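> Below you will find the structure I want to go over with you.
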Amino acid sequence: MLRSAPRLYGMAAWAKVKVLDMPRLRPLLLEFKRLRRLLRRAPIVVSCRRKNCKRPASRMSFYFEWRDKYLMPGASFWCNKHGPSRYPDEEEEESPALPLSFDTMRQPGYGDRQSKKAIHLAVLKGLGINKKPARITEVFARLYFAKLSQSREGWFG
Ligand SMILES: [Zn+2]
């Protein structure tokens with residue numbers, strides 16, 4: 001999940017459609033659901049971008065690529081109260097503040113490959129996982145999820 005969230009979200013969406021005809025897909029869907037549920041408890045380490053706001057971030061925004069309108073890598077992080085400012089004459093178009101979660105890949109309009117990649121990288125950063133996805137090993141991911149499943153109230157310890 002941590003390593004290839006875009007691919008896994010794609011597979012899960014496909015499996016959900018097929019599962020009635022192909023019951024052997026059910027374990028995949030259950031595992032996907034379990035990991036998503038655990039990730040809801042994952043502590044977010046980045047704070048809101050607004051100056052002097054020290055709230056932890058819960059949302060993120062991206063600039064759109066100007067031609068193809070996918071989300072570009074490099075998110076801004078925001079708390080529940082703040083978000084990207086709107087200037088009518090601004091040249092670069094920015095997305096609304098989206099939930100800081102892999103689930104944002106499921107929202108209509110952000111399911112293309114490039115946007116999913118940007119969301120993937122931003123969420124890893126938000127969770128304090130400072131690794132390139134390809135560098136995330138299975139051992140690391142197992143430990144991460146094991147910690148989440150032991151944690152209470154969403155925090156380690
Ligand atoms: Zn804020």
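Laboratory data are not the source of any read-out in this text; all were calculated from the coordinates shown. From a predicted model like this one, the values you see are computed outputs, not experimental measurements. Neighbour counts run over all protein chains shown; Cβ positions are idealised from the backbone, glycine included.
> What nm distance separates the two modelled labels at Lys81 and Trp14, each placed 7 Å from Cα along Cα→Cβ?
Computed distance between label sites Lys81 and Trp14 equals 4.5 nm.
> Now for a different question. With θ taken as phi - 60° and the coefficients 6.51, -1.76 and 1.60, list the Karplus ³J(HN,Hα) couplings across segment 122-131 in order, rounded to whole Hz; mark glycine and proline as x.
In residue order, the calculated couplings are 5, 5, 4, 4, x, 8, x, 8, 8, 9 Hz.
> Can you list the lysines whose alpha carbon is less than 24 Å from that of Lys147, not counting same-chain residues fewer than 8 positions off?
Result set, ordered by chain and number: Lys33, Lys125, Lys131, Lys132.
> Of the listed pairs Lys54/Lys116; Lys16/Lys69; Lys18/Lys81, which have alpha-carbon separations greater than 32 Å here? Walk me through the numbers on the way to the answer.
Values: Lys54/Lys116 28 Å; Lys16/Lys69 27 Å; Lys18/Lys81 40 Å.
Checking Cα-Cα distances, Lys18/Lys81 exceed 32 Å.
> Something else now. In nm, to one decimal, how far is the modelled label at Asp21 from the one at Asp103, with both set 7 Å along Cα→Cβ?
Simple spin-label model gives 2.9 nm for this pair.
> Determine, for Asp103, Asp68, the number of other Cβ atoms within 10 Å of each Cβ, and report the residues in order from fewest to most.
Arranged by neighbour count, lowest to highest, Asp103, Asp68 become Asp68, Asp103.
> Additional query: Quick one: Karplus J couplings for segment 61-69, per residue in order, coefficients 6.51, -1.76, 1.60, θ = phi - 60°, nearest Hz, x for Gly and Pro?
10, 9, 7, 7, 5, 5, 9, 8, 6
> Still on this structure, I have one more. Could you grab the Rg to Rh ratio for segment 5-150? Cα atoms only, Kirkwood for Rh.
Numbers: Rg = 16.5 Å, Rh = 16.5 Å.
Here the Rg-to-Rh quotient is 1.00.
> Let me ask you something else. By average Cβ neighbour count within 10 Å, what is the ranking of 42-53, 4-15, 23-34 from highest down?
With the highest mean Cβ count within 10 Å placed first, the list reads 4-15, 42-53, 23-34.
> Step through the residues of segment 94-103 one at a time and calculate ³J(HN,Hα) from phi using the Karplus curve (6.51 cos²θ - 1.76 cosθ + 1.60, θ = phi - 60°), rounding each to whole Hz and writing x for Gly and Pro.
Along segment 94-103, the couplings run 10, 6, x, 6, 10, x, 7, 7, 4, 4 Hz.
> Using the number of other C-beta atoms within 10 angstrom as an exposure proxy, rank Arg67, Arg3 with the fewest first.
Placing the least packed residue first, the sequence is Arg67, Arg3.
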